[in-house]
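Enquirer: Just dropping this structure here.
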Amino acid sequence: MTDCSVIELSRLPKQLRTVARIFAEAGFSVYLVGGAVRNLLSEKQPEDYDLATDAVPEQVMQLFRRVIPTGVQHGTVTVLFQAERFEVTTFRSETTYSDSRHPDTVEFGVDIETDLSRRDFTINGMALDLRTGLLHDPFGGRQDLADGVIRAIGDPAERFTEDALRLLRAVRFATQLQFLLADTTRAALTGRSRELSAVSMERTRDELAKILRADHPSYGLGLLRDCRLLAAVLPELESCSGNTTPDKGELFTHLVRCCDLAPKEPIELRLAALLHQIAPVEVPESGVSAQARSAASAHRRLKALRFPNATVSQVAHLIAQMGFEYRPNWDDSDVRRLISSVGDEYVDALLAVARADRMACSDDLGVQQLDELAGRVSRIRDRNDPLTIRDLAVGGNELAAAGIPRGPLLGTVLEALLDAVLADPRINQPERLLPLAQRVYERLADQDEGHRRGSPRN
Ligand code: CTP
């Protein structure tokens, strides 16, 4: 089905129109395909522009001066044109997919309709003819876009068998666009989590991250659970399904609500909100707290999903710190101790995740108290109160000059000074810290000596 001009070509970037003219003047057809068409029809700004053409890669490379052979065997090259880049793929009709991810062979040179028929969803199966401005929409993508439906093109089971990544893409598009899955598409993707082992961890991570950055990740996470795909992505979260706690109700529901309520960026906040209580609450014989076990589980899972190391450690750190319980009767030294033990650079993130947790429990008082705590943290920062060993008015050099040698006891002395300064920042002056350091050192040295004398000789 070919639609009349629904997208004014004048809306497209000038460079794209020039590239299209170059194809047309050389006698080739050229179409805008994929997400750009979807976005233009939804009045959204496309992120990138993918083109489909009957020109084979070698012909495209002859048409343009700067071309990167991105994936010539699959028919894809990247054309660099006046500071813009366009991914250009020759019309394709793939045959069999024995690894559930990639076509065994790629055939070039068929028409746009065949090319569209091998794509995943109707909303992604439209093409805009860049020579005429006509929209090719053979599978009713425009209607599905208007109705808010994700529908696989043709036989859904076949589309998912060709490429298991599409199982996650279906849920991801539904979540980003807040669309429903068409019944047949939903039925075809349900229960196929084993096939997701063919999808690389990096691809799985990217789809998960897109779900988490949506307005309501809980919708996508709920779809993954209900369609029995969650075990392949976040098995620990799936285990929370049906588990209840007295204060938070069903854990899965609580965690995905937390995730919705946490800020979208940086992604660490939503990851920490989602995973902050994935370990069973009952304390095992090891005595390790549920918080610490959740942090360790999240660390393992995010590492397996190939999130960057910095993300993995930050999320685990935030989860490990989630156990703090603020009380309005805390004095400023308690607030300083919290900042110091969490690390000033993580406090805002911790408070944001804790706030989402309180909101998910509809605990208005808890939210109010956390806002109060955030205000106190910011006043402490404004006052420049010392919060770390680096902020102390004396360091290793001054202590060495005062007769405290560098060695294993020095770290303990500095910790003791920090503790004193957190309690009362006014004593952060060399003349007050040095005598204190000497007293602490002498006590430690005595203890050390006592230990050595008491220990049996070999
Ligand atoms: N496509 C597909 N099957 C896949 C991946 C992609 O059929 N597993 C097709 C779809 O037609 C898709 C197009 O290739 O629209 C471009 O893919 P991609 O750039 O990954 O997705 P977009 O639709 O552009 O959306 P997004 O950028 O949000 O991923």
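Enquirer: For region 96-245, what value does the Rg/Rh ratio take when both radii are computed over Cα atoms and Rh is the Kirkwood radius, given to two decimals? Mind showing how you got there, number by number?
Expert: Working: Rg = 16.3 Å, Rh = 16.2 Å.
Reported Rg/Rh (Cα atoms, Kirkwood Rh): 1.00.
Enquirer: Moving to a separate point now. Could you work out how much longer the chain between D147 and D363 gets when fully extended? Use 0.36 nm per residue separation minus the Cα distance between them, nm to one decimal. Please report the intermediate quantities before stating the final value.
Expert: Details: separation 216, 0.36 × 216 = 77.76 nm, distance 3.68 nm.
Extra length available between D147 and D363 comes to 74.1 nm.
Enquirer: Multiply the residue separation of E113 and L180 by 0.36 nm, subtract the distance between their alpha-carbon atoms, and state the gained length in nm to one decimal. All intermediate terms of the calculation are to be shown ahead of the outcome.
Expert: Working: separation 67, 0.36 × 67 = 24.12 nm, distance 2.55 nm.
Residue separation times 0.36 nm, minus the Cα-Cα distance, leaves 21.6 nm.
Enquirer: Kindly count the pairs of lysines across the chain whose alpha carbons are less than 30 Å apart, treating pairs on different chains or eight or more residues apart as eligible.
Expert: Counting lysine pairs in the chain gives 10.
Enquirer: Given the C-alpha centroids of region 176-236 and region 303-329, what is the distance between them in whole angstrom?
Expert: 24 Å
Enquirer: Quick one: dipole size for region 159-303, taken about the Cα centre, charges +1 on Lys/Arg Cβ and -1 on Asp/Glu Cβ, in debye to the nearest 20. Show your work: numbers first, answer last.
Expert: Numbers: 21 positive and 18 negative charges, 71 e Å.
The calculation lands at about 340 debye.
Enquirer: Further question: Identify, among V394, Q369, N384, the residue whose Cα sits farthest towards the positive end of the charge dipole of region 359-439, taking +1 on the Cβ of Lys and Arg and -1 on the Cβ of Asp and Glu, with the dipole about the Cα centre.
Expert: With unit charges placed on the Cβ atoms, the residue in question is V394.
Enquirer: Let me ask something additional. Got a number for carbon plus sulfur as a percent of the chain's accessible area, 1.4 Å probe? Show your work: numbers first, answer last.
Expert: On the way: 10530 of 21920 Å².
Within the chain, the accessible surface is 48 percent carbon and sulfur.
Enquirer: Per 0.36 nm of contour for each residue apart, how much would the distance between S341 and D382 grow if the chain were fully extended, relative to their Cα-Cα spacing?
Expert: Numbers: separation 41, 0.36 × 41 = 14.76 nm, distance 1.87 nm.
Full-extension gain reported as 12.9 nm.
Enquirer: Going highest first, how would you order 211-217, 328-334 by mean Cβ packing within 10 Å? Kindly include the intermediate steps, with their values, before the conclusion.
Expert: Values: 211-217: 19.0, 328-334: 12.7.
Per-residue Cβ counts within 10 Å, averaged per peptide and sorted highest first, yield 211-217, 328-334.
Enquirer: With only alpha-carbon pairs counted, each pair once and no self-pairs, how large is the Kirkwood hydrodynamic radius of the chain in angstroms?
Expert: One decimal place: 26.4 Å for the Kirkwood radius.
Enquirer: Same structure again: Please label the shape of region 41-140 as rounded, prolate or oblate, based on the square roots a ≥ b ≥ c of the eigenvalues of the alpha-carbon gyration tensor (a/c under 1.5 means rounded; beyond that, a/b larger than b/c means prolate, else oblate). Please report the intermediate quantities before stating the final value.
Expert: On the way: a/c = 1.62, a/b = 1.05, b/c = 1.54.
Verdict is oblate for region 41-140.
Enquirer: So if the hydrodynamic radius of region 309-458 is defined as the Kirkwood radius over C-alpha pairs, what does Stokes-Einstein give as its diffusion coefficient at 25 °C and 0.890 mPa s, in µm² per second? Don't skip to the end; give the middle numbers.
Expert: Details: Rh = 17.7 Å.
In µm²/s, the coefficient rounds to 138.
Enquirer: Looking at the square roots a ≥ b ≥ c of the eigenvalues of the Cα gyration tensor of region 179-237, which shape do they give, rounded for a/c under 1.5, prolate if a/b is larger than b/c, or oblate? Let's see the in-between values first.
Expert: On the way: a/c = 1.57, a/b = 1.06, b/c = 1.49.
Note, shape of region 179-237 comes out oblate.
Enquirer: Still on this structure, I have one more. Restricting to DSSP H runs of at least four residues, report the calculated mean residue ellipticity at 222 nm for the chain, -39500 (n - 2.57) per run over all residues, nearest 500 deg cm²/dmol. Walk me through the numbers on the way to the answer.
Expert: Numbers: 21 runs with 235 residues, N = 458.
That calculation yields -15500 deg cm²/dmol at 222 nm.
Enquirer: Mind putting a number on the dipole of region 188-231 about its Cα centre? Charges go on the C-beta only, +1 for Lys and Arg and -1 for Asp and Glu, and I need it in Debye to the nearest 20.
Expert: That gives region 188-231 a dipole magnitude of about 100 debye.
Enquirer: Let me ask something else about it. Might you tell me the accessible area per residue for region 116-210, computed with a 1.4 Å probe and given in Å²? Working shown, then result.
Expert: On the way: 3550 Å² over 95 residues.
Per residue, region 116-210 has an accessible area of 37 Å².
Enquirer: About its Cα centre, how strong a charge dipole does region 328-405 have in debye, to the nearest 20, once Lys and Arg get +1 and Asp and Glu get -1 at the Cβ? Provide the component values of the computation, followed by the final result.
Expert: Numbers: 9 positive and 15 negative charges, 31 e Å.
Roughly 160 debye, rounded to the nearest 20.
Enquirer: Right, here's the next one. For the ranges 264-277, 65-78, what's the packing order if you count other beta-carbon atoms within 10 Å of each residue, average per peptide, and put the highest first?
Expert: Numbers: 264-277: 23.3, 65-78: 15.5.
The peptides rank, most packed first, as 264-277, 65-78.
Enquirer: Still on this structure, please answer the following. Using label points projected 7 Å from each Cα along Cα→Cβ, tell me how many nm separate R131 and T253, to one decimal.
Expert: Those two pseudo-labels are separated by 5.8 nm.
Enquirer: Based on the mean of other beta carbon atoms within 10 Å per residue, what is the order of 387-400, 246-259, most packed first? Can you show the working numbers first?
Expert: Numbers: 387-400: 15.5, 246-259: 18.8.
Result, highest mean Cβ count within 10 Å first: 246-259, 387-400.
The values are calculated or read from the model by the stated rules, or taken from the named source; none is laboratory data. Small disclaimer: the values here were computed from a predicted structure and weren't measured. Cβ sites come from the backbone with ideal geometry, for glycine too, and all protein chains shown count toward neighbours. With ligands, DNA and RNA removed, areas are computed over all heavy atoms of the protein, side chains included. Shrake-Rupley method; radii C 1.70, N 1.55, O 1.52, S 1.80 Å.
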